[in-house]
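Enquirer: My structure is below; once you've seen it, I'll send some questions.
The values are calculated or read from the model by the stated rules, or taken from the named source; none is laboratory data. Since the model is a prediction, treat every value here as computed from it, not as a measurement. Methodologically, a virtual Cβ is constructed for each residue, glycine included, from the backbone with ideal geometry; neighbour enumeration extends over all protein chains shown.
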Amino acid sequence: MQEFQGLQLEIRSGAADRGAAAALAQSLALSPLIAQILVARGITEEVSARRFLSPSLKDGLADPHQIKNMRAGAELIIEAVQQGLQITVYSDFDVDGITSGTQLLLYLRSLGAKVNSYIPSRHTEGYGLQRSALEKLVKAGTQLLVTLDCGITSVNEIAFARRVGMKTVVVDHHQPAEILPPADVIIDPAQGGCPFADYHLAAAGLTWMLLVVLRRVAEEKGIEISECHDPKAYLDLAALGTICDMVPLRDINRVISFRGLEMLNKMPKRIGVQALCDVAGISESRDIGSGAIGFNIGPRINAAGRMGEAKEVIDLLTTGDRKKAKTLAGRLDRFNVERQNAEEWMKIHGVSVCQEKLAAGEVFSLAVFNDKFHVGVIGIVAQRLMEKFYLPAAVMAPGEEMVSGELTRVIKGSVRSVRGFNVAEVLKNMDDVLIRGGGHESAGGFTLETARLEQFIARFEAEAQKVFAGVRPERCVSVDAEVGLREIDITVVGALQKLAPFGIGNPTPVFFSKDVEVCNVSAIGQNHARLRLKQGDAVHQAVLWGGAGHPLLRIGRMVDVVFQPELNSYKGITSVQLNLRHVVEPGSVVVERSG
C-alpha cells in the first residue's frame with residue numbers, strides 16, 4: 001500500500017487521438033484498445049506502427065558507423081588485436097556493465113585477441129575507473145584499455161593511463177562532464193556532435209553496435225571472419241543489459257531487446273544464461289520476457305556485485321562448462337537471497353526513520369544512514385522508500401575506498417527521485433560536500449567523507465525545498481485508458497503482448513476503472529490479497545500485492561482501481577487476472593487527459 005490519499009491520473013490519450021487510433025485499428029487489423037495505446041505512445045503512422053509491432057534489424061537500426069568516433073575506436077581495437085597487444089576490457093559491476101564486458105571479451109577472443117577483463121569491486125573500489133585498478137593493470141601489462149559503461153567522467157584516471165603508456169578507448173553512455181577525458185578515442189552518444197544522442201542507448205546496446213563495426217573493420221583488415229563473428233550471436237547479452245539499465249525501450253533499444261529476447265527464448269541457450277534460468281525457476285515452457293529479466297535474471301546478476309564480486313558473472317556468461325555454470329549460478333542465487341534479506345531489514349529500518357522524520361515536521365526529502373547498512377543494497381532500498389513516501393530518497397552505508405594508496409573509511413550513498421527532482425543536477429550542486437557524485441535525472445550515487453554526513457543531509461533537504469518551492473510533490477500515475485471491465489477479455493490481454501517488451505518509454509499497459517464492486521476477498525500468505533471484482537455483468541479475479549488489510553477491501557464496497565491485466569493459467573485453464581496498482585475511494589481520483 002502506498003503512503004498517500006487519493007490519486008492523480010494522467011490518461012495518455014485524449015479525444016484528439018481517436019481519429020488516429022481508428023485509422024490504425026482499421027489499417028493494421030488491431031483492436032481499438034491496442035490502437036489507442038499505440039497512439040497514446042506517439043505511434044500514429046502506419047509505417048511506424050508496423051515497425052513497432054514487428055521490430056527488425058534490417059529496418060530498425062540506424063547505421064552504427066555514424067556514431068561519433070565509432071569507426072576510429074574499432075580501428076584502434078583491431079590494430080591492437082593484430083599487433084598482439086594486451087587488451088583489458090574494464091566494465092561496471094551492474095547488469096549493463098557486465099553484459100557489455102562479456103560481449104566485447106567474447107568477441108575479441110573469437111578474433112584471436114590477447115584480452116582479459118576487469119570489474120572493480122563495489123566494496124573496496126567503487127563505481128567507475130579507479131587509479132588503484134589502473135596501477136594493477138599497468139603491472140599486469142595492459143597496453144590497450146577499453147572502458148565500458150564508465151570512463152566518460154574519469155579525466156584524472158585516463159590522464160594517468162596515458163602517462164603510463166596505455167592507449168584508451170572510452171565506450172560509455174553517461175553524460176560527460178565539461179572536460180572530456182584525454183582518451184585516444186571516446187565513443188559516447190551523449191557527447192557533443194553525436195547524431196545518436198536521442199536514441200538513449202544502454203552501454204550493452206552501444207557495445208553491441210561496436211561489435212557490428214568491429215566485424216566490418218576486421219574484414220577490411222584481412223582478418224578471417226566466420227559465423228562465430230556474427231554480432232547477432234550476442235543479442236541475448238545486449239538485451240539483458242538494455243532491459244535492466246532502464247533506458248527507453250523505443251527505436252534501436254526496442255529492436256535490440258525484441259530480437260535479443262527471441263534469442264533468449266530459443267534452445268539451446270547460452271550455457272550461463274540457461275544456468276541462471278534454472279536457478280531462477282524459469283522453465284523451458286515459460287517465455288522469457290522483460291519481466292522475467294527484470295525480476296528473476298537481472299537481480300541475480302546484480303547480486304554478485306552487491307554481495308560478492310561481479311567477476312563471477314563474467315565467468316558464468318563466458319564458460320562452456322555446464323558443471324561450472326551450475327555452480328556459479330548457484331552462488332549467484334545464494335547472493336540474491338542474502339541481498340533480499342539485507343534489503344528487507346534495511347527497508348524496515350528505513351521506513352521507521354522516514355516516518356519519524358515526517359511526523360516531526362514538513363520535509364521534502366528523505367536521507368537515511370546506518371552503520372549496519374550494506375552498501376550493495378542502498379540503491380534498491382532508496383527506490384523502495386521513494387515509492388512508499390513519494391519523496392527523493394538517499395540511502396547511505398559505510399564503505400571503503402583507496403585514497404593515496406590506503407583503504408579509507410567513507411560513506412557511500414544512492415539516490416532515487418520523483419518527478420521534477422533531477423538527481424544529477426542536485427548532486428552537481430552539492431559537489432563541494434561530496435568526494436564524488438553523479439547519475440541520471442531519476443537516480444544517482446555519491447561518496448562523501450564520514451564527517452560530512454549531517455552536512456549532506458541538511459544540504460539535500462535544502463535542495464529539495466528549493467526544487468519543490470514549499471509544495472510537496474503529488475504522485476501522478478499515467479494510465480493508457482479508462483476502460484470498463486467488460487473490455488478486458490482474454491483476446492485483448494493476449495493482444496497486449498504484441499506491444500512487448502515493456503520497460504521505460506514503453507511501460508506495461510495500465511488501465512483505470514471506476515465504480516467497481518468488491519465481491520470477495522481472501523489472503524495470499526500474510527501480506528497479499530486476492531479478490532473478485534465486478535462491474536455490471538463483468539467479473540474478474542484480481543490481486544493486490546502488499547494489500548493485506550487494505551481498508552477499502554471489504555465485500556460490497558465500491559472502489560476505483562488502477563490495474564495491469566495479465567493472463568493466468570492454472571490447471572490448464574487460462575483466465576484474466578488484474579494486478580492492482582492502486583485502490584482508492586470512488587471519486588477521489590483526479591483525472592487529466594493529455595491530447
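Enquirer: Restricting to helices (runs of 4 or more DSSP H) lying wholly in region 227-303: which have 1 or more residues that are under 16 Å from the mean Cα position of the chain (by Cα) and more than 30 Å from N341 (Cα to Cα)?
Expert: 251-264
Enquirer: All but one of (1) over 30 Å from Q497 (Cβ atoms); (2) in a loop (DSSP other than H, G, I, E, B); (3) modelled with pLDDT under 90 hold for S132, so report the exception by its number.
Expert: The single condition S132 does not satisfy is (2).
Enquirer: Which condition does D198 not pass, out of (1) of a type in the set (D, E, K, R); (2) over 20 Å from K58 (Cα atoms); (3) surrounded by fewer than 24 Cβ atoms within 10 Å (Cβ to Cβ), if it passes all the others?
Expert: (2)
Enquirer: Any idea which residue in region 168-180 is farthest from N156 (Cα to Cα), counting only those that are buried (at least 24 other Cβ atoms within 10 Å of the Cβ) and of a type outside the set (A, V, I, L, M, F, W, C)?
Expert: Filtering region 168-180 for residues that are buried (at least 24 other Cβ atoms within 10 Å of the Cβ) and of a type outside the set (A, V, I, L, M, F, W, C), the one farthest from N156 (Cα to Cα) comes out as H173.
Enquirer: A further question on this structure: Quick one: in region 184-193, which of the residues that are in a loop (DSSP other than H, G, I, E, B) and over 23 Å from the mean Cα position of the chain (by Cα) is surrounded by the fewest Cβ atoms within 10 Å (Cβ to Cβ)?
Expert: This residue is G193.
Enquirer: Picking from T99, T147, which residue would you name as being of a type in the set (S, T, Y), closer than 20 Å to W208 by Cβ, touching a residue at least 24 places away in the same chain (Cβ under 8 Å) and part of a strand (DSSP E or B)?
Expert: Sole residue among the options that is of a type in the set (S, T, Y), closer than 20 Å to W208 by Cβ, touching a residue at least 24 places away in the same chain (Cβ under 8 Å) and part of a strand (DSSP E or B): T147.
Enquirer: Please verify whether A394 is touching a residue at least 24 places away in the same chain (Cβ under 8 Å), within 19 Å of M346 (Cβ to Cβ), in contact with a helix residue (DSSP H, G or I) (Cβ under 8 Å, 6 or more places away or on another chain) and surrounded by 19 or more Cβ atoms within 10 Å (Cβ to Cβ), treating the condition exactly as stated.
Expert: Considered against the rule, which asks whether it is touching a residue at least 24 places away in the same chain (Cβ under 8 Å), within 19 Å of M346 (Cβ to Cβ), in contact with a helix residue (DSSP H, G or I) (Cβ under 8 Å, 6 or more places away or on another chain) and surrounded by 19 or more Cβ atoms within 10 Å (Cβ to Cβ), A394 comes out as yes.
Enquirer: I need a count of the residues in region 66-81 that are outside any helix (DSSP H, G or I) and either in contact with a Phe, Trp or Tyr (Cβ under 8 Å, 6 or more places away or on another chain) or not assigned by TED's automatic domain parsing to the domain that holds R109 (or both).
Expert: So the count comes out to 2.
Enquirer: Determine, yes or no, whether G281 is surrounded by fewer than 21 Cβ atoms within 10 Å (Cβ to Cβ), closer than 17 Å to N296 by Cβ and among the small types (G, A, S).
Expert: Taking the combined requirement at face value, the residue satisfies it.
Enquirer: Could I ask something else about it? Has region 62-83 got any residue that is under 30 Å from L499 (Cα atoms) and free of Cβ contacts under 8 Å to residues at least 12 places away in the same chain?
Expert: Yes - at least one qualifying residue is present in region 62-83.
Enquirer: May I pose another question? Sort out which residues of region 304-328 are under 18 Å from G97 (Cα atoms) and part of a helix (DSSP H, G or I), and write them in order of number.
Expert: Scanning region 304-328 gives A304, G305, R306, M307, K311, E312, V313, I314, D315, L316, L317, T318.
Enquirer: Given the criteria surrounded by 20 or more Cβ atoms within 10 Å (Cβ to Cβ) and in contact with a strand residue (DSSP E or B) (Cβ under 8 Å, 6 or more places away or on another chain), does G350 qualify?
Expert: Yes.
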